[in-house]
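Notes follow once the structure below has been shown.
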Amino acid sequence: MAAFGLVLVAGCTGAESGPATASSPATTAPPPTTPGRVASRDEPRPQLGRPASPTQTRVRRVWGRWPGAEARRTEVLGDQAGQAVTTWMQRAYVRLDYPSAGEEVPAAFGTFTHGAADRAKRHAGLLTNLRAGRRLVDVVPTRRLVQLVAFAPRGEAVGATATVTLVLLGIRVDGERVEIAVTGDLYLTREREHRWRVFGYDLRRSRGSPGSYARAHRLGGAGKPDGAGKPGGAGKPGGAGHADGAGGSR
């Protein structure tokens, strides 16, 4: 699986590399095309014809004064903090109008702080599927996992690290299938009224043939849970981090 990454506690660089390494037949046969070219919205579009995987959000640990018996409180924390992450996943990758026009998605970084959003827009090729989406006509998430480690120094959660795994199966206009995996950490801060924002991130993105992520991590069926706090994905991370200021430094 070809991979690239960047550490972005609000700022870094990165570039996608490597073509898909395998293909599978589409459910419908489109006319002959040049593999990997930009798709047209006027052409027949092959569809993947499979359901999307549900999103799993788990609170793995809360550091600080947080009674373990308060299950309902932990559930609310997972819902509120996890929403900032899952909203980004949906807007930036899953709910794009494929093939994408390669233009900015205004709401993609709506759950980011202003500083983090400004920097994320400069690296939309990693933090969204806009560029790769120009060559895709259908995308289905096959794995969506958000694992939270929160910090509650005075009995109230004020920050969290979300370890994310997003695996997408895409199909090009020529029927070739490709898998895209986005893995790593998002850093969250809680604002007023229990609203959570992403103020930094350490992410990597990889691309390969269908099933590449599962094979690389030896997953079978539902798979083993990814380790919280450990970045996933193939390849070595690159880049350097900077603080946004909204939630402090790493």
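Starting from the stretch 104-211, pick out the trypsin sites (Lys or Arg not before Pro) whose DSSP state is loop and whose Cβ has at most 13 other Cβ atoms within 10 Å. Before the final figure, lay out each step's value.
Values: sites: 119, 121, 122, 131, 134, 135, 143, 144, 154, 172, 177, 190, 192, 195, 197, 204, 205, 207; in loops: 122, 134, 135, 154, 195.
Sparse-neighbourhood loop trypsin sites (Lys or Arg not before Pro): 122, 154, 195.
Show me, for the stretch 49-64, the HN-Hα J-couplings you get by feeding each phi into the Karplus relation (A = 6.51, B = -1.76, C = 1.60, θ = phi - 60°), rounded to Hz, glycine and proline as x.
So the J values, rounded to whole Hz, are x, 9, x, 7, 6, x, 8, 9, 10, 10, 9, 7, 6, 10, 8, x.
Identify the chymotrypsin sites (Phe, Trp or Tyr not before Pro) of the stretch 96-192 meeting these criteria: DSSP loop state and at most 11 other C-beta atoms within 10 Å of the C-beta.
On the way: sites: 109, 112, 151, 187; in loops: 109.
Passing sites in the stretch 96-192 do not exist.
By DSSP, what percent of the beta bridges with both residues in the stretch 47-201 are antiparallel, rounded to the nearest 5? Spell out each step's value before the answer.
On the way: 32 of 42 bridges.
The answer is about 75 percent antiparallel.
Using 0.36 nm times the number of residues separating residue 194 and residue 156, minus their current alpha carbon distance, what extension gain do you get? Don't skip to the answer; put the middle values down first.
Numbers: separation 38, 0.36 × 38 = 13.68 nm, distance 1.01 nm.
Taking 0.36 nm per residue and subtracting the Cα distance, the gain is 12.7 nm.
Quick check: pseudo-label points 7 Å beyond the Cα along Cα→Cβ at residue 60 and residue 72, how many nm apart are they?
It is 2.8 nm.
Given R₀ = 25 Å, what would the calculated FRET efficiency be for residue 47 paired with residue 79, taking r from the Cβ atoms and rounding to 0.05?
0.20
Any idea how far apart residue 215 and residue 97 come out in nm if each label point goes 7 Å out from Cα toward Cβ?
For residue 215 paired with residue 97, the spin-label model returns 3.6 nm.
Would you pull out the residues with amide H under 5 Å of residue 138's amide H, same chain only if 5 or more places away, H placed 1.01 Å from N?
171
Work out from phi, with θ = phi - 60° and the Karplus expression 6.51 cos²θ - 1.76 cosθ + 1.60, the ³J(HN,Hα) of each residue of the stretch 172-179, listed in order in whole Hz, and give x for Gly and Pro.
Listing the rounded values in order: 8, 5, 8, x, 6, 9, 9, 10 Hz.
Give the long-range amide H neighbours of residue 174: residues separated by 5 or more places, or on another chain, with amide H under 5 Å away, using H modelled in the peptide plane at 1.01 Å from N.
Hits under the 5 Å cutoff: 36.
Only the coordinates and a few stated rules stand behind these numbers; no lab work does. Just so it is clear, the model here is predicted, and its values are computed rather than measured. FYI the Cβ positions are ideal-geometry reconstructions off the backbone, even for glycines, and counts take in every protein chain you see.
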